[in-house]
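Structure first, then comments.
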């Protein structure tokens, strides 16, 4: 069922950077596991394996089929999130997990990816030159339902992240300037409302971020210790398994949210730059796939998934480096977490899917200046 | 493969459900542009993160590295053992033994009131004291424990250790503490340790100490603080976020303080303190051959250990009793009229100035009239015809009134100074008093009155303005014993003897005085018969110093203790080769012969017992004195 040409169009650089990221993350988790006292690296390897299988599995079918199933996907998302609400497992005050007995899944993670598919298919279908506010209320409504469900868990970070992904796709769809300004104004007006919605611990985090020295042993502890960990790595790091901040448990959540912190501590500026560099290389490759996608849905899908990974990376790294308040957003692939790994890898699978099927549009005209025409109802390759 | 027709897709029927639009050219260019913008945005974010990493890890790296080390590396101070203080034959006067201190680290204590309410029942210490210590420790770093109980009993330690889990911030430290194996001996000389004050730390003189440390505050402990204290070491341990020790990084062992050997003889010191038996007074014994201090006892004593744990109000009051003055080292700080012991100086002056000779006599009928005043001899009936020998042996006042009149105040003062009175001996102890040798100028400066002849008479028998310390007396009698050399009193063993001055008196005169002083002890009428020791030739001179004027007092047994005379005695032995010189004062002890001489006798007897080899022959005591006139 695979066309040989499919693999000719494989982006090997993308795959290579992905493997490098996972390899570095595995090494890092080895050390973090020693600090956390539980062999997370092996479980993560398990997730990598399952995720990779799924990633290649996703290549089998044509991504374009997804667009027509968007309503099913949307309903699935809502049902999952409702399930969490009613039968979810509660860990430290947040009800985010569904227990399947042997594993705990985090539907909000999957929701991110699924919402990318939903929004992308919306924009693919409602094709417009530019979008105004009047055109956006429908997708916004689509997005707000799961966002509110996620925020209710409570998981403000992921909820805002989904909004961020939506905003990125709106940008990609081209927003009217006037609409942009109006949304900006509304967003600023909504901020006090958001503040009201926040739980006390969330407010405290923002306060601490604005004034980190106000409570070095209490709420400011995490950020302070993370900054110390990163900074103390200096240029070449303290060495593998030798990060005192992490190994002596001064760093919290060293295997999940603060995984980049221990990496920077043990491998220094050099190591941090390598990981971040590879990651950004990976993201730029993804963007170029979005750029070169032959159809609107594919392009939106890739851009949305890239945005999903990028925002998580940016928020997590900025949090670890003390540039942002503490929010529970993992660094994709690097932080331990099954749902996150699966979501990310399936997402990358979709990106590859789009890339692989690029040539399917080219047909005979390959190598020549491409003909640009609308392939309206006749499906693919109808030249 | 692109030249091949797209047969794969062509063969397959298009999926009808896939109805997606390909981009037209305009749209494609737009996506392309938006993607490139996004890539630039990504690049900016990458630069932002890189810049932040550069700032944290490269620019601020050293700072954060230090922070992480401060996080994980805790330095535990290892207290040095304080040097021992030994006597002249190496016996331990003050040593160290480990003891338990209980402290509170305020940083970890949290709710202090709740902690104290739990802690106080476990301590056998008044709650007020604990709180006072916490108040006193204001301003010291919060990570250092405030010691609230030193030298805690083992039972207290066990009780607290068992409940440590519910006493956050409470620490039990093992710390070396001073031990006195022979009890509290010579506390005035050895001094004591007390917690270093914040002011002292600021002064920079105690750079080796940290808050909570004990430092020498008095006596030898203070004088040789840096030598005795040693150098503290440290143990650096790695701790995790909960403060549990993970491993020892490195250890620098503390350097034990240097031992200090004193010239004090433990046996003699014990004998002196026992003989004083708590009566206020002082005993000083010197080796007349080199000025080494053998005994320095001041009474009443204090317990040097109580200062370490902070004094209670009652203890402080007791230490500052205005009559007993336990804190004053009476051996160097007590100033007394020397009484008749001064007649030794008078005799030397008289002989040296040729105003009297061994043969010159005066008639004593019990008093002497000068102008309208009558100056009494202590013996009401008088001594009759008296020569110098008899005058010294029986301590005739009238003889020395006459001698004093012939000498005049200036010459008496010159000789008094010559014997080292009226100025500090230079012993290496803080707080030594100079005493006072009066002169005409001094009298005029002080009272704006000229010197009176009657004052010369009082002066001649060691009364009036003249003031000496027991140490000065001991040195004075040492000079008589050793042929006129004034040594600097020295209490550190191994230091060479330091000759300060020679007494300006002919050796023959001193020889005669030695002979006469032996008579004071040995003769039937001698005033110091109580100091006789079989098999040893002892020489001495008693003294009885009036505390209030003779006219005011009644010779009455019921007289208030504090109006009684001070009893003094100076002695040396053996006469043929003096090796020990002793000065004793018993405040308000009454007569020198009955109160002070037995104390000196106890010390000299002890010395005799210890001396090796023992003298086997009892030399004829008159044999060494040339040209002595047969006794009257």
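Throughout, read-outs are computed from the coordinates displayed, never taken from laboratory work. Quick caveat: nothing in here was measured; it's all calculated off a predicted structure. All Cβ positions, glycine included, derive from the backbone under ideal geometry; neighbour counts span all protein chains shown.
Within a 10 angstrom radius of each residue's Cβ in A:127-136, how many Cβ atoms of other chains show up on average? Whole number is fine. Each step should come with its number before you reach the end.
Numbers: counts 3, 0, 3, 1, 0, 0, 0, 0, 0, 0.
Per residue, the number of nearby Cβ atoms from other chains is 1 on average.
When restricted to Cα atoms, segment B:29-105 yields an Rg and a Dmax of 31.5, 104 Å, respectively.
Roughly what % antiparallel, to the nearest 5, for the DSSP beta bridges in the protein assembly as shown?
On the way: 80 of 84 bridges.
Antiparallel bridges: around 95 percent, rounded to the nearest 5.
Can you classify segment A:32-111 as rounded, prolate or oblate using the Cα gyration tensor, where a ≥ b ≥ c are the square roots of its eigenvalues, rounded means a/c under 1.5, and otherwise it's prolate if a/b beats b/c and oblate if not? Oblate, since a/c reaches 1.5 and b/c is not below a/b. Each part gets one Cα centre, and for segment B:411-450 versus segment A:45-112 those centres are 103 Å apart.
Per residue of chain A, the DSSP helices (runs of n ≥ 4 H) give a summed -39500 (n - 2.57) that works out to -22500 deg cm²/dmol at 222 nm.
At 0.692 mPa s and 37 °C, plugging the Kirkwood radius over alpha-carbon pairs of segment B:354-423 into Stokes-Einstein gives what diffusion coefficient in µm²/s? Don't jump to the answer; show the numbers that get you there.
On the way: Rh = 12.8 Å.
The estimated diffusion coefficient comes to 256 µm²/s.
For segment B:266-610, the Kirkwood hydrodynamic radius from C-alpha pairs, put into Stokes-Einstein at 20 °C and a viscosity of 1.002 mPa s, yields a diffusion coefficient of 107 µm² per second. If R0 is taken as 35 Å, the Cβ-Cβ distance between residue B:205 and residue B:182 corresponds to a FRET efficiency of 0.70.
In this structure, residue A:91 and residue A:45 have a Cβ-Cβ separation that, at R0 = 22 Å, corresponds to a calculated FRET efficiency of about 0.45. For the pair residue B:385 and residue B:497 in one chain, pulling the backbone fully straight at 0.36 nm per residue adds 36.0 nm over the alpha carbon distance. Rounded, prolate or oblate: pick one for segment A:1-139, where a ≥ b ≥ c are the square roots of the eigenvalues of its C-alpha gyration tensor, a/c under 1.5 means rounded, and failing that, prolate if a/b is larger than b/c, else oblate. Taking the square roots of the gyration eigenvalues as a ≥ b ≥ c, segment A:1-139 is oblate.
Between the alpha-carbon centres of segment A:303-331 and segment A:249-285 there is a gap of 12 Å. Comparing A:252, A:325, A:200 in a Gaussian network model of chain A, where Cα atoms under 10 Å apart are tied by springs, the biggest mean-square fluctuation is seen for A:200. Of A:281, A:110, A:258, the residue with the greatest mean-square motion in the GNM of chain A, using alpha carbon springs below 10 Å, is A:281.
Averaged over A:67-80, how many beta carbons belonging to a partner chain fall within 10 Å of each residue's beta carbon?
Per residue, the number of nearby Cβ atoms from other chains is 1 on average.
Report the percentage of all Cα-Cα pairs in chain B whose separation exceeds 44 Å, rounded to a whole percent.
Details: 84463 of 199396 pairs.
Value for chain B (Cα pairs over 44 Å): 42 percent.
Hey, what's the Cα Rg ratio for segment B:180-312 versus the globular rule of thumb, 2.2 N^0.38 Å?
On the way: Rg = 19.5 Å, N = 133, 2.2 N^0.38 = 14.1 Å.
Cα Rg divided by the expected 2.2 N^0.38 Å: 1.39.
Annotation: peptides B:410-420, B:466-476, ranked by per-residue average of other Cβ atoms within 10 Å with the highest first, follow the order B:466-476, B:410-420. At 10 °C and a viscosity of 1.306 mPa s, what translational diffusion coefficient does Stokes-Einstein give for chain A, taking Rh as the Kirkwood radius over Cα pairs? Give it in µm²/s as a whole number. After rounding, the answer is 72 µm²/s.
Annotation for residue B:48 and residue A:7: the two label points, set 7 Å from Cα along the Cα-Cβ direction, are 4.1 nm apart.
Summarising the strand pairing of chain B, around 95 percent of its internal DSSP beta bridges are antiparallel. Over all pairs of different C-alpha atoms in the protein assembly as shown, the reciprocal of the mean inverse distance, the Kirkwood hydrodynamic radius, equals 37.2 Å.
Helices in chain B, meaning DSSP H runs of at least 4 residues, each add -39500 (n - 2.57). Divided by all residues, the mean residue ellipticity at 222 nm is -10000 deg cm²/dmol.
Answer rounded, prolate or oblate for segment A:116-161, using the Cα gyration tensor with square roots of eigenvalues a ≥ b ≥ c: rounded when a/c is under 1.5, else prolate when a/b is larger than b/c, else oblate. Intermediate results must be reported in sequence, preceding the final value.
Values: a/c = 3.03, a/b = 2.28, b/c = 1.33.
Prolate shape, in that a/c is at least 1.5 and a/b is the bigger ratio.
Using only the C-alpha atoms, the convex hull of segment B:252-396 corresponds to 216 Å³ per residue. Only Cα pairs under 8 Å and 6+ residues apart enter the sum, and on that basis the relative contact order of segment B:266-610 stands at 22 percent.
Other chains' Cβ within 10 Å of B:37-48 residues: what's the mean? Don't jump to the answer; show the numbers that get you there.
Numbers: counts 3, 13, 8, 0, 4, 9, 2, 0, 9, 10, 1, 5.
Taking the mean over all residues of the peptide, I get 5.
Could you give the distance between the Cα centres of segment B:346-387 and segment B:563-597, to the whole Å? Comparing the Cα centres of segment B:346-387 and segment B:563-597, I get a distance of 22 Å. The mean sequence separation of alpha-carbon pairs under 8 Å and at least six residues apart, normalised by the residue count of chain B, gives a relative contact order of 12 percent. Comparing A:122, A:180, A:250 in a Gaussian network model of chain A (Cα springs below 10 Å), the most mobile by mean-square fluctuation is A:180.
The mean sequence distance of close C-alpha pairs (under 8 Å, at least 6 residues apart), as a share of the length of chain A, puts its relative contact order at 27 percent.
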